Amino acid sequence: MKSRRCSLRIKDLDLERRELRVRRAKGRKDRITMIPASLVAPLRSQIELIRPQFASDLQRDVEVPLPDALSAKYPNAGKEWPWRWLFPGARVHVDEVRGLQLRGHIHPSNVQHVKTTQRYTHVLNSGALGLRSPLDDFPYP
């Protein structure tokens, strides 16, 4: 789970519906789970925190890597806001094959581990607005 939360993209969040799309979960299927109400404001803050980096990356022609063959199908998608990492890495590396400057996501070892309960990460088909997560009562610093 730790590596999954590092590789979240802006497009994976729906803060209005409090939903998170986990891509290529078990069985290589996409899953939707709830975002605790207590994390909506911190996630909005994180999004605003990375906007200046996005603007800087655009000026410097830095992209994010795309899954599978999407970079061939959508050549400019790696420069678009929805594809940006929610937790971008600090370094930019050069893809020597394609000659692109790429920014990855933070490495899982740099993320503090928070133990969670699997029963609250089940797939939600009807949206999370009517449910409460145990993290809703968790005091966020």
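The values are calculated or read from the model by the stated rules, or taken from the named source; none is laboratory data. Note that the structure is predicted; figures quoted are calculated from it, not measured. Glycine also receives a Cβ, built like all others from the backbone with ideal geometry; neighbour counts cover every protein chain displayed.
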In this structure, does Tyr120 turn out to be more than 14 Å from the chain's Cα centre (by Cα), farther than 16 Å from Asp12 by Cα, hydroxyl-bearing (Ser, Thr, Tyr) and modelled with pLDDT under 90?
yes
Of these, Arg5, Arg21, Arg44, which one is assigned to a helix (DSSP H, G or I), of a type in the set (Lys, Arg) and modelled with pLDDT of 85 or more?
Arg44
Pick from the stretch 12-67 the residues that are acidic (Asp, Glu) and touching a strand residue (DSSP E or B) at 6+ places or on another chain (Cβ under 9 Å): which of them is surrounded by the fewest Cβ atoms within 10 Å (Cβ to Cβ)?
Asp61
Quick check: is even one residue across the stretch 96-104 at pLDDT 90 or above, surrounded by 12 or more Cβ atoms within 10 Å (Cβ to Cβ) and either in contact with a Lys or Arg (Cβ under 9 Å, 6 or more places away or on another chain) or not in a helix (DSSP H, G or I) (or both)?
no
Can you name the residue in the stretch 54-99 that is under 17 Å from Asp12 (Cβ atoms) and acidic (Asp, Glu) and is also nearest to the chain's Cα centre (by Cα) among such residues?
Glu80
